[in-house]
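Here is the structure we will look at, set down as structure tokens.
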Amino acid sequence: MDFNDVRLQYEALRDEIDGAVREVLAGGRYVLGRAMLAFEDEFARYCRVADGIAVGSGTAALTIALRAFGVGPGDEVLVPALSAAATAMAAAVIGAKPVFVDISIDDFTMDLTLCLERKTARTKVCVPVYLYGMPARLKEISRAGVPILEDAAQAHGSEANWGRCGSFGRAAAFSFYPTKNLGAYGDGGMIVTSDSALGQRARLLRNYGQRENYSSEILGENSRLDELHAAILRVKLRRLDEWNSRRRAIAANYREAFRQLPLGMQAETGSSNYHLFVVTSPRRDKLRAHLADLQIPALIHYPIPLHRQRAFSEFGPARCPNADLLCSRALSLPIHAFMSDVDVERVIDGVRGFLRR
């Protein structure tokens, strides 16, 4: 059993993917071409927004979006204490200060009350994360009165009571890393927005600040989704809802099986795409070792909260006890769209066997 066997996607779509790749190679345009433009339009419509700006990675989507918001040196950006490093690093690398906000111990997403506590006159943007694919409580967070950039790197197709993730804030940043629910075969990302001015600025920033070749209007960078990955992602996008439905079915099986066991599970704030299925236990490490003995892989997302990582030590200490606790107890169980019912039952039996000893 693999934790997330991305090869199975390719096997299922081999002919379509190979055909899309051949078409790009035969066309002779490999950067900023028709496949990328088409994918930008299709993914923006999927997210129910007006515009998509395809970039080189999910990290670049965050960084470029923050720059398009006007964030710069001296500004502060609210970020959750539990996420991948990119969420905070995107602010730090452009000279802003990431301000770490603790999470809710129930749903693992950013807490509104703590947003208000950490907000200052220098706060420019708030970056809630849809951790593991679960919608953050954006209607509550919006009451802080700070522009929102959604970190939707794990939330392709997740739904909240206000709509599809990626459509609430001024903009959202997605990743197409290979293990994402919608993943390429390398790095890739996209900014989606219905703010035309922000979209135009992000499009300049991703391509040397140029509207036309060899004439830069602003200081930009080189971060563009290539044609090959755009063509592959177009094929996969047509299957995303089907794949998310399978993940949700597996998650429902896990939830029912573990409902009466001494095991914590992420509270549902909407319809997650279940990029990850995470349980919590004070015996996390022993549970993981037990599963490993059964040849069931389980991972930790994430072992160290952001406010305790050395890269961010210059931004001062932050007290985030919920993030600390979750990092000591969280365990990600196998889940992906091609996981067999037999393997799902193996995971369930393995967890039950440990907790009923």
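The numbers here are math on the coordinates, done by the rules we state, and not lab data. Here the structure is a predicted model, which means the values were calculated and not measured. Every residue, glycine among them, receives a Cβ derived from its backbone with ideal geometry; neighbour counts consider all protein chains shown.
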Mean Cβ count within 10 Å, highest first, over the residues of peptides 310-316, 188-194
188-194, 310-316
Given charges at Cβ of Lys, Arg, Asp, Glu: the range 94-247 dipole, positive-most of Tyr177, Gln200, Gly163:
Gln200
Over its alpha-carbon atoms, the range 107-203 yields an Rg and a Dmax in Å of 13.7, 42
Return the tail of the calculated pair distribution for the range 1-60, meaning the percent of Cα-Cα pairs more than 18 Å apart.
56 percent
Ratio of Rg to Rh for the range 237-313, alpha carbon only, Kirkwood?
1.03
Value of Rg to Rh for the range 57-110 (Rh from inverse mean 1/r over Cα pairs, i.e. Kirkwood):
1.00
Full extension from Ile300 to Glu217: what is 0.36 nm times the residue separation minus their Cα-Cα distance, to one decimal in nm?
25.5 nm
Looking at the chain as a GNM with Cα springs under 10 Å, which of Gly270, Gly52, Gly70 has the largest mean-square fluctuation?
Gly70
How many angstrom separate the Cα center of the range 1-62 from the Cα center of the range 262-282?
28 Å
Kindly provide the pair-distance distribution of the chain built from C-alpha pairs, with 10 Å bins from 0 and whole-percent values in order of increasing distance.
6, 25, 32, 25, 11, 2, 0
I need the trypsin sites (Lys or Arg not before Pro) found in the range 210-297, filtered to DSSP loop residues with at most 13 other beta carbons within 10 Å of theirs.
Arg238, Arg259
Taking the alpha carbon gyration tensor of the range 8-131, what are the square roots of 5 times its eigenvalues, largest first, to the nearest whole Å?
36, 18, 12
Please report, in debye to the nearest 20, how large the charge dipole of the chain is about its Cα centre when each Lys and Arg carries +1 at its beta carbon and each Asp and Glu carries -1 there.
620 debye
How long are the semi-axes of the equivalent ellipsoid of the range 189-278, defined as square roots of 5 times the Cα gyration tensor eigenvalues? Whole Å, largest first.
41, 16, 11
Highest GNM mean-square fluctuation among Ala231, Ala60, Ala121, for the chain with Cα springs under 10 Å, belongs to Ala121
Considering only the chain, what is the antiparallel percent among its DSSP beta bridges, to the nearest 5?
65 percent
Given charges of +1 on the Cβ of Lys and Arg and -1 on the Cβ of Asp and Glu, with all other atoms neutral, how large is the dipole of the range 1-159 about its Cα centre, in debye to the nearest 20?
700 debye
Where in the range 166-230 are there chymotrypsin sites (Phe, Trp or Tyr not before Pro) that are in a DSSP coil and have at most 12 other Cβ atoms within 10 angstrom of their Cβ?
Tyr214
Kindly rank 332-342, 292-302, 105-115 from highest to lowest mean number of other beta carbons found within 10 Å of each residue.
105-115, 332-342, 292-302
Eight or more residues apart or on different chains, and alpha-carbon atoms under 19 Å: count the Lys pairs in the chain matching that.
5
Quick one, what does Rg over Rh come out to for the range 125-170 if you take C-alpha atoms and the Kirkwood Rh?
0.91
Quantify how much of the Cα-Cα distance distribution of the range 113-270 extends past 21 Å, in percent.
57 percent
Sites matching trypsin sites (Lys or Arg not before Pro) across the range 1-48 that sit in DSSP coil, with at most 11 neighbouring C-beta atoms within 10 Å:
Arg29
